Structures are given as C-alpha cells and as structure tokens.
Amino acid sequence: FDVDELGDVQRKFFGTLVNTYAFFALYANIDKSRYAEPRIPVGERQEIDRWILSELNSLIKCYTEFMEAYDVTKAARSVSEFTVDRLSNWYVRRNRRRFWKSEIGKDKTAAYQTLYECLIAVAKLSAPFAPFISEELYRNLNSVTKREPHESVHLALMPDVELNAVDLGLEVKMERARKIVELVRAMRMKSNLKVRQPLRRI
C-alpha cells in the first residue's frame with residue numbers, strides 16, 4: 001500500500017473525471033442540452049469524435065477481457081488511462097471551441113453526444129472500483145437525459161462493444177499525432193520556448 005500513489009490516483013483520475021464532467025455539465029446546462037435529439041450516427045460525426053468513440057470501444061473490449069480474467073488492476077488502469085490521456089487531455093482540449101460556439105447545430109450536438117456517451121460509459125466501467133463517484137456521475141447524467149431506465153449505475157449493465165465504431169487505423173494515426181505533440185512540447189520545455197510561441201521549424 002502506497003499513500004503517495006493513492007494521492008496520485010485521487011489527483012489524476014478522480015480529479016480529472018470530476019473536472020471533465022464539470023466541463024460537460026457547465027456547457028450542457030447553458031445550452032439546455034438534454035440529449036433529446038436522435039443519436040447522430042458515428043459515421044456522420046467529426047473524425048475526432050469517431051476517434052474517441054473508437055478508443056472507448058477498444059477500452060470496453062480490453063476491460064471486459066481483464067475483468068473476465070480477474071485482472072482488476074489492469075482493468076482499473078485502462079479506465080484511468082483512457083479518462084486522463086485520451087478523453088480529458090486530448091479530446092476535451094481539442095474540442096473546447098465546439099462547446100463554446102453560440103449556435104447549436106449538428107456539430108455541437110455531436111460533440112455533446114460524444115462526450116456524454118464517454119462519461120456514462122466511464123461511470124459504468126468505474127463502478128466496481130469507485131462505487132460512490134460513479135453513482136453520482138451516472139445519476140447526474142441519466143436523471144437529465146433519462147436515456148436509461150436504471151435508478152443506479154449498480155443496476156445498469158456494462159456497456160457492450162460497438163464493433164462498427166472501432167477504427168484501429170484511426171487510433172494509430174491519432175496516437176502518432178499525440179506522440180508528435182508530446183515530443184515537441186518536451187523540446188520546447190528543454191529550450192525554454194513557450195507553447196504559444198510560433199516556431200519557424202521543428
């Protein structure tokens with residue numbers, strides 16, 4: 001048992017999950033978004049939406065395999081890595097402007113639906129390890145949309161893998177883009193160059 005590691009999990013995973021939900025709730029409440037519109041097909045959403053939904057379904061597949069093999073640690077870590085590295089640090093940061101837009105059109109609706117679907121799935125996947133925060137998250141989301149008949153996340157079924165939403169080629173491409181951004185940021189830090197300072201070349 002490591003107290004410092006517990007603090008890291010609290011700060012990185014739980015803090016990030018709460019902040020991501022708070023971001024969603026803030027703008028969804030401003031726009032009175034209730035997920036009342038028909039679900040926009042994955043193929044009609046932006047590439048970055050299709051990417052995060054592909055990553056989500058790949059996560060569900062791996063998570064199910066880990067849990068069936070009783071490898072709880074790997075299952076929990078896979079949820080944490082998805083939430084912190086992909087959902088918060090990449091998807092939300094790349095899409096803030098879509099939520100800030102004043103007009104509500106198909107693109108903004110797709111962004112809301114995508115982030116909602118990720119959050120509700122993460123709540124379900126987290127339920128065995130973090131029963132209280134996942135319950136709060138699930139009930140807050142579902143009480144507004146009423147998309148599911150369950151009163152509690154602990155009565156809901158685990159999400160199924162949507163095979164048609166998985167695009168491994170897109171996942172590889174986005175992983176390459178994320179790696180390049182990470183390397184350039186490290187180079188900037190080493191050279192004391194601010195992130196917003198334009199560069200002639202890398």
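The values are calculated or read from the model by the stated rules, or taken from the named source; none is laboratory data. Computed from a predicted structure; not experimentally measured. Reconstructed Cβ throughout: ideal geometry from the backbone, glycine too, with neighbour counts over all protein chains shown. Note: accessible area is taken over every heavy atom of the protein model, side chains too, but ligands, DNA and RNA are not part of it. Shrake-Rupley method; radii C 1.70, N 1.55, O 1.52, S 1.80 Å.
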In region 101-129, the residues that are at pLDDT below 95 and under 21 Å from GLU55 (Cβ atoms): PHE129
Residue among VAL195, VAL181, VAL153 that alone is within 29 Å of VAL18 (Cβ to Cβ) and at pLDDT 95 or above: VAL153
Test: residue in region 134-145 that is at pLDDT 95 or above, open to solvent by 10 Å² or more (accessible area, probe 1.4 Å) and either in a loop (DSSP other than H, G, I, E, B) or among the basic types (Lys, Arg) (or both): yes
Residues within region 163-202 that are outside any helix (DSSP H, G or I) and surrounded by 11 or more Cβ atoms within 10 Å (Cβ to Cβ), tallied: 3
Single unsatisfied condition, ASP160 versus (1) touching a helix residue (DSSP H, G or I) at 6+ places or on another chain (Cβ under 8 Å); (2) modelled with pLDDT under 95; (3) loosely packed, with under 13 Cβ neighbours inside 10 Å: (2)
Residues that are charged (D, E, K, R) and under 16 Å from the mean Cα position of the chain (by Cα), drawn from region 72-111: ARG77, GLU81, ASP85, ARG86, ARG93, ARG94, ARG96, ARG98
Members of region 70-98 found to be open to solvent by 60 Å² or more (accessible area, probe 1.4 Å) and of a type in the set (A, V, I, L, M), listed by number: VAL72
Contacts under 8 angstrom Cβ, first residue in region 126-155 being without any contact (Cβ under 8 Å) to a residue 12 or more places away in the chain and closer than 22 Å to TYR112 by Cα, partner surrounded by fewer than 16 Cβ atoms within 10 Å (Cβ to Cβ) and among the small types (Gly, Ala, Ser), 6 or more apart: none
Set GLU55, GLU47, GLU65: member being of a type outside the set (S, T, N, Q), surrounded by 13 or more Cβ atoms within 10 Å (Cβ to Cβ), more than 19 Å from ILE120 (Cβ to Cβ) and modelled with pLDDT of 95 or more: GLU65
